[in-house]
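Input: a single structure, listed below in structure tokens.
The values are calculated or read from the model by the stated rules, or taken from the named source; none is laboratory data. Every value quoted in this text rests on a predicted model; they were computed, and no experiment measured them. Using ideal geometry, Cβ is built from the backbone for each residue, glycine included, and neighbour counts are taken over all protein chains shown.
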């Protein structure tokens, strides 16, 4: 989800203040963000397709010979490896990819003030929204 203009400005101000206060730390953070994990999406897709091909091919060949489908087992293992690679290469929850403009949290930025909500609780606001959707 992209940041609003106000949130982006606040993030830029925080970032520039960080660079001004501690340039050594800021340069080390900049280096680690650039050297973050790459997502080998093409490799995952290719491994998945090869795995499916081996799985289906092994089943077709084992049907003729009546033996154990070793080729299908290899295909399954290749697909499993593609899934593990895909899961290990994704960033952890809450982290953002480099250059996406996210990742930093500003305290209180996502909270609505009690005055704007009319002093009602979160659950009552959600109930109202739910009712309005079905009344339309």
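The table for this structure:
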{"item": "Any hit, the range 101-111, residues being at pLDDT 75 or above and either surrounded by 12 or more Cβ atoms within 10 Å (Cβ to Cβ) or on the phi > 0 side of the Ramachandran plot (or both)", "result": "no"}
{"item": "Scan of the range 54-65 for residues that are within 33 Å of the chain's Cα centre (by Cα) and loosely packed, with under 14 Cβ neighbours inside 10 Å, ordered by number", "result": "56"}
{"item": "Test for residue 17: is it within 30 Å of residue 87 (Cα to Cα), more than 21 Å from the chain's Cα centre (by Cα) and modelled with pLDDT under 85", "result": "no"}
{"item": "Residue match in the range 84-95 (condition: part of a helix (DSSP H, G or I), under 18 Å from the mean Cα position of the chain (by Cα), at pLDDT 80 or above and surrounded by 14 or more Cβ atoms within 10 Å (Cβ to Cβ))", "result": "yes"}
